[in-house]
1. Considering the dipole of segment 434-489 built from charges on the beta carbon (Lys and Arg +1, Asp and Glu -1) around the Cα centre, which of PHE480, GLY440, THR463 is farthest to its positive end?
2. Could you tell me which of ALA224, ALA330, VAL71 has its Cα farthest along the dipole of the chain towards the positive end, charges placed at Cβ (Lys, Arg +1; Asp, Glu -1), taken about the Cα centre?
3. Taking square-rooted eigenvalues a ≥ b ≥ c of the alpha carbon gyration tensor, is segment 52-151 rounded, prolate or oblate, where a/c under 1.5 means rounded and, failing that, a/b exceeding b/c means prolate?
4. With charges only on Cβ, +1 for K and R and -1 for D and E, what is the dipole size of the chain about its Cα centre, in debye, rounded to 20?
5. Which is farthest toward the positive dipole end of segment 191-240 among GLY239, LEU204, TYR191, measuring Cα position about the Cα centre, with Cβ charges +1 (Lys, Arg) and -1 (Asp, Glu)?
6. Take the alpha carbon gyration tensor of segment 96-159, find the square roots of its eigenvalues, order them as a ≥ b ≥ c, and report rounded if a/c is under 1.5; if not, report prolate when a/b exceeds b/c, else oblate.
7. What is the angle, in °, between the Cα long axis of helix 293-303 and the longest principal axis of the Cα atoms in the chain? Nearest 10 is fine, range 0 to 90.
8. For segment 440-446, just list the computed ³J(HN,Hα) in residue order, Karplus coefficients 6.51, -1.76 and 1.60, θ = phi - 60°, integers in Hz, with x standing in for Gly and Pro.
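Bear in mind these aren't lab numbers, they're just calculated from the coordinates by the rules spelled out. For clarity, every value in this text was computed on a predicted model and none was experimentally measured. Quick reminder, even Gly has a Cβ in these numbers, built from the backbone with ideal geometry, and neighbours come from all protein chains shown.
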Amino acid sequence: MSAPHRLVLLALGALLALGGVALPVRAAPLSLGDCRLEHPAGLGSLAARCGTLAVPENPAEPGGRMITLKVAVVPALDRHRTREPLFILAGGPGQAASDFYVAYAAAFAPVQRRHDVVLLDQRGTGGSNRLGCDFPPDFDVATPSPARIRELSGACRRALAGRPEYYTTSVAVQDLDAVRAALGAERLSLYGISYGTRVAQHYLRRYPSRVAAVVLDGVVPPGAELMSDTALAAERALGLAFARCAAETDCASAFPDLAARFRALKDDLARRPRHLEIPDPSSGVARTLEFDAAALAGTVRLLNYQATTTALLPYLVDRAARDDLVPLAAERLLLGQRLDAEIAYGMGAAVSCSEDPPARAHPDRAALAATYLGSALLDDNAALCEGWPAGVVDADLDAPLDSSVPALLLSGEADPVTPPAYGARAARGFRDQLHLVVKGQGHGQFGVGCMPRLIARFLDAGTARGLDTRCLDAVDAAPFVLDPSGPAP
C-alpha cells in the first residue's frame, strides 16, 4: 500500500465487528485561519486555511478522551464555479494527507481550479495525535532481526500517545464524515492513494450518498491478501525492469545478464555482509552501516516503486555486483530518511496489525522462496505485530462494493505492491468506472503525463464514461541510466 513501506503488510489480531452501521455524524464547529503547510523533509510548502476538530478517541465514548484532527483547505482558484471538495487520502498507512499534498501539489493544480482540496491528517498521522515510534534511522529499509523487531515494537506500543485500537480505517471514516459535516459540504469527492484507497472504499461503503466521485490510485481491493501477495508483486515488477533492460540494446550492452548477477549479489551478501562507511547524503557526516542481503532487497524494492528510480536500478545493481556498494547504500539512506520523516509507524501498525491478519493469508512458501524478498515480509511483520491489540474493524471492511458512484481507477503496469490485477478486481465493484493501466509505471499515477488533467476532467464530468484517455499513449517508462552522466542520448 502508501508510500511506500513495509508497514502496509503488518498483520495480527482478530476482527472486531461493529455490525457495519455508520454512526450518525453531528456538525461541529470548525474555524479556519490562514496557515502555511511545511513538508517535514523540506520538500515544499504552500498556503492554506487550517483548523482543528475535536473528536472522541473512542467513538463509543463521546464523553471520554478527546483528540484533535488537523484539517487544511486549499481553496479552489475559480470561486464562481466551485464543485464539491476533493478530500485527499494518503498512503502508508502512516502518512499525513498534508505531507503528501505539499510534496505533490503541482499535480493537483488542474483539480484545484474548481474544487477546494481538503487535507485531513488521518488520526494518528501528522497533526492529528501522531502515533510515532522511536525507531532507528532507516528502520523501514534495513530490517533488524525478529528479536530486535519485537523489542522495538513493544517499546513503541508502550510509548504511544493514544490507544491504537481506535486508529483504524473503520474509525477514520467517521472522522472523515465529521469533517465533511463541519465544513458544510453536502457531498465530497475522494482521491486515495495506496492505503488511502482502502479508506476511500470504506467511506463509500459507510456513506454512499455523500460521495460524488472517487479516484483510486494504486488500488488495494477489498479483501486483498497483502501478506501473501506483496513478495510476488515485487518479484514481477523487478522482472519487468530486468526484462526491459535486456530488450534494449544500450542497457543490455552496459549491464549484461543483470537478473543473474542480481541473484548472485544477493547470495554473496547473505554469506558476506559488508560494513561500509559512507557520507550521509543529507548531512555529509560519515556513517557506518552494515549492508547485507536484506538491505539489498529492501532498497531495491523501494527503488522499484517509481519509474524514475527504477531507471537507476540496472546501474546501481551493476556497481554493487562489482563490489561498489556505496551508491546503493546511499540510496538506502535517502529512502530511509524520507520514510522516517513522513511515516507514523505506530499508526501504521495500529491499522495493519488489525486489518491484515495472518489468518487471512494463504502463503505458498515455495512460491515466496523463489522471490528476491522471500518470506521476510511475512515473518518480520508477524514479529512487529506481536502484542498489538485488535483494533476496531467493521465486519464488512473486506466486503466487495456494489456502487453506482463514478470511479476512476489507476494502476501502474509495473507496480511492485498494488499490481494492475488489484485495480481490475476493485473495478468490479463500480457500475460507472474506468480502470487505466499506465505503461511502464510503478506505484501512484497522479502526476504521470496528462493524468492531472484527466483526473480533473473526470471529477468535473461526474462520470467515467466517455473520458478521452488517448493522451496517455505518449507515456512510457523512464529511460535507464547507463552511467554517471545519465541515460543514452
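1. THR463
2. Checked the options; the winner is VAL71.
3. It comes out oblate by the Cα gyration axes.
4. 1020 debye
5. So the residue furthest toward the plus end is LEU204.
6. Cα axes put segment 96-159 in the prolate bin.
7. So the helix axis and the longest Cα principal axis differ by about 50 degrees.
8. With coefficients 6.51, -1.76 and 1.60, one gets x, 9, x, 9, x, 10, 4 Hz.
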